[in-house]
Amino acid sequence: MAILEIKRYPDKILKIKAEPVRIIDSSIQNLIDNMIETMYAAPGVGLAAPQIGVSLRIMVADVNSREKGPGLTVIINPEIISALGETEEEEGCLSVPDYKDDIKRAEIVTVRGLNREGKEIEVESKGLLARALQHEIDHLNGTLIIDRLSPIKREIFKKKLRKALKTMTR
Ligand code: NI
């Protein structure tokens, strides 16, 4: 297992729609192990494969550090099959460090996919886990929290980032 570098905005891989996993082989198992270790080390409550530079549809999540949940959840090729209600809460992202904003999400979601043994699973979720699942599936579609901001807020974010980047390269 290894802790990998987490890609940060504006890295291009974060904008690409990730490819489905076709065969769950030892390289995929190894990737999942590294994702889990990287998520816990960050520390974060979720991580998607593109965040460590692999454009495949795999996500891991564990919200237990912040609220009661089912513990470690690994989903390959996840798909939201039902979404109910609406909730707005502050959200952050390991790929957009030092930034948090209120993001609207469905309140209760069911996600279908494969576990790491290749068995079909359905994960029913609410609260932070529902938010994390939607956030990580967004990553697999090349969508970041900043893409979910209002156009005005997004402009403010980009201006701040440009300023920060200028200071860094000075
Ligand atoms: Ni994220």
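The values are calculated or read from the model by the stated rules, or taken from the named source; none is laboratory data. Note that the structure is predicted; figures quoted are calculated from it, not measured. When we count neighbours, we look across all protein chains shown, and the Cβ atoms used for this are built from the backbone with ideal geometry, even at glycine. For the accessible areas, the whole protein counts, side chains as well, though only heavy atoms, and no ligand, DNA or RNA atoms are used. Shrake-Rupley method; radii C 1.70, N 1.55, O 1.52, S 1.80 Å.
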Search region 43-59 for residues being in a loop (DSSP other than H, G, I, E, B) and over 21 Å from residue 79 (Cβ atoms), and hand back the single one that is nearest to the ligand (Cβ to nearest atom). 44
What is the one condition in (1) among the small types (Gly, Ala, Ser); (2) modelled with pLDDT of 95 or more; (3) surrounded by 19 or more Cβ atoms within 10 Å (Cβ to Cβ) that residue 69 does not satisfy? (2)
Which one of these does residue 118 not meet: (1) more than 16 Å from the ligand (Cβ to nearest atom); (2) free of Cβ contacts under 8 Å to residues at least 60 places away in the same chain? (2)
Tell me, which residue of region 1-42 that is charged (D, E, K, R) and in a helix (DSSP H, G or I) is nearest to the chain's Cα centre (by Cα)? 15
Inside region 27-42, the number of residues satisfying the requirement of being surrounded by fewer than 19 Cβ atoms within 10 Å (Cβ to Cβ) and within 14 Å of the ligand (Cβ to nearest atom) is 1
Determine whether residue 83 is surrounded by 14 or more Cβ atoms within 10 Å (Cβ to Cβ), outside any loop (DSSP other than H, G, I, E, B) and within 14 Å of the chain's Cα centre (by Cα). no
Need pairs with beta-carbon distance below 8 Å; first residue at positive phi and within region 124-147, second open to solvent by less than 20 Å² (accessible area, probe 1.4 Å) and within 11 Å of the ligand (Cβ to nearest atom); sequence gap 6+ or separate chains. 142/14; 142/50
Could you tell me whether region 122-141 includes any residue that is touching a Ser or Thr at 6+ places or on another chain (Cβ under 6 Å) and under 23 Å from residue 5 (Cα atoms)? yes
Test of understanding: among 6, 24, 81, which residue is within 12 Å of the ligand (Cβ to nearest atom) and among the hydrophobic types (A, V, I, L, M, F, W, C)? 6
Go through region 117-153 and report how many residues are part of a helix (DSSP H, G or I) and either touching a helix residue (DSSP H, G or I) at 6+ places or on another chain (Cβ under 6 Å) or closer than 29 Å to residue 26 by Cβ (or both). 10
Quick check: is even one residue across region 91-107 more than 13 Å from residue 137 (Cα to Cα), hydroxyl-bearing (Ser, Thr, Tyr) and open to solvent by less than 60 Å² (accessible area, probe 1.4 Å)? yes
